[in-house]
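Asks: Would you mind keeping the following structure in view while I ask a few things?
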Amino acid sequence: MAAEPVRPDGAEEIRQSLVISCADAIELMTDWLDELLVDGDRERLAAHLAGCQACGVYLDQLRATVTIVGSLRGHEAWQVDDATMAMLVDRFRQSQV
Amino acid sequence: MTTDVASPSTFDDDRALVAALREGDEDAFRELVARHHGMLRRVASIWVDERVVDEVVQETWTAVITAIHRFEGRSSIKTWLFRILVNQARKRGTRERRSIPFSAAAPRDESPIVDPDRLLHPELGPNYWPAAPATWEGDPEGRLLSSEIRSVLIAAIESLPPAQREVITLRDVEGWDAAETCTAMGISSANQRVLLHRARAAVRGAMEEHHGG
């Protein structure tokens, strides 16, 4: 929820406009990113995100986390080295006779 | 037959690759190793000691060479390789006295994703952010991933419980989809989602800490 001041009698109104709590919104975000949310939950999260800047930031950070974790894949430290490749190809060749 | 310049591989789908492997085509084998060696090493490192990762992956390739004639194409090559690796790692894990639980039996963790103390709005009450999480400076998408951030990420992933680590490795490092991950690990989609959700939240938390949040 944004850090705007809330009128004394406005809390319930804001809770209703947000449809679900931030905690519930967070629970739906993994399926949201996978586009697996069923109708109802999808609309509830969309309505919450429309009014909640904080959850928007959290969701952006989850998305950024997925992207940067994915960048580990290409790191050369994990790739096969030439000597190992040569040894494995040799095993493959021997299995053919 | 296509002549896609951007894709130099002649083995675009599993079927063509497997057919070539059965013919003893060494280029096909090189392609198979180049594509999947990194994945096998990353997954092996979840289950066995770092000292024996390369050995376990080599044993996996030997098993693959022996078994390729029995591959029936009911699963994708990568999930098939994954399962052979897990069998090799499990054998080794027993020898190394490290237990490898079956993923489906992973303990359930019901604790909240975000610390409840952080979700406490002065007027709206519990379960609402009092303020947005601090935005990340620099290059949050990681296009210019520094070795420092890479270390933070690797440490965060390594500190996860093994089942979470396995799911985030397959989903987000390897880029597998949810269905492939469920098939490979033999878990339900609900279980996969919970494990992924927790793993991502933990890694996000480590990034936040790194950014001084």
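Taken together, the values in this text are just the output of simple stated rules run on the coordinates, not laboratory data. Quick caveat, the model's predicted, so the values are computed rather than measured. Using ideal geometry, Cβ is built from the backbone for each residue, glycine included, and neighbour counts are taken over all protein chains shown.
Asks: Filter the GluC sites (Glu not before Pro) in chain A down to the DSSP loop ones having no more than 16 other Cβ atoms within 10 Å, then list what survives.
Replies: On the way: sites: A:GLU12, A:GLU13, A:GLU27, A:GLU35, A:GLU43, A:GLU76; in loops: A:GLU35.
When the GluC sites (Glu not before Pro) of chain A are filtered for loop state and at most 16 Cβ neighbours within 10 Å, A:GLU35 remain.
Asks: Right, next: Can you compute the FRET efficiency between A:ALA46 and B:ALA67 using 1/(1 + (r/R0)^6), with r the Cβ-Cβ distance and R0 = 45 Å? Round to the nearest 0.05.
Replies: E(calc), rounded to 0.05, equals 0.40.
Asks: Rounded to two decimal places and with Rh computed the Kirkwood way over Cα pairs, what is Rg over Rh for the protein assembly as shown? Before the final figure, lay out the partial values.
Replies: Numbers: Rg = 22.7 Å, Rh = 21.7 Å.
On the Cα set of the protein assembly as shown, Rg over Rh gives 1.05.
Asks: To continue, here is another question. For region B:28-97, run through the trypsin sites (Lys or Arg not before Pro) and keep only the ones in DSSP coil with at most 12 other Cβ atoms within 10 Å of their Cβ.
Replies: B:ARG74, B:ARG97
Asks: Quick check: residue separation of B:SER75 and B:GLU23 times 0.36 nm, minus the Cα distance between them. What number comes out in nm?
Replies: 16.7 nm
Asks: Ok, one more. For region A:35-97, rounded, prolate or oblate, judged on the Cα gyration tensor with a ≥ b ≥ c (square roots of eigenvalues), a/c < 1.5 rounded, else prolate if a/b > b/c?
Replies: oblate
Asks: Okay, next question. Based on the Cβ-Cβ distance of B:GLU55 and B:ALA131, what FRET efficiency does E = 1/(1 + (r/R0)^6) give at R0 = 45 Å, to the nearest 0.05?
Replies: So the FRET efficiency works out to roughly 0.35.
Asks: Loop only per DSSP, at most 10 neighbouring Cβ atoms within 10 Å: give me the trypsin sites (Lys or Arg not before Pro) in chain A, ordered by residue number.
Replies: none
Asks: Related question: Assuming 0.36 nm per residue, please report the length gained on full extension of the stretch A:ARG91 to A:GLN16 beyond their Cα-Cα distance.
Replies: Extending this stretch completely gives an extra 20.4 nm.
Asks: Taking amide H positions as placed 1.01 Å from N in the peptide plane, with prolines and chain starts having none, which residues 5 or more places from B:HIS121, or on another chain, fall under 5 Å of its amide H?
Replies: Residues meeting the amide H criterion: B:ASN127, B:TYR128.
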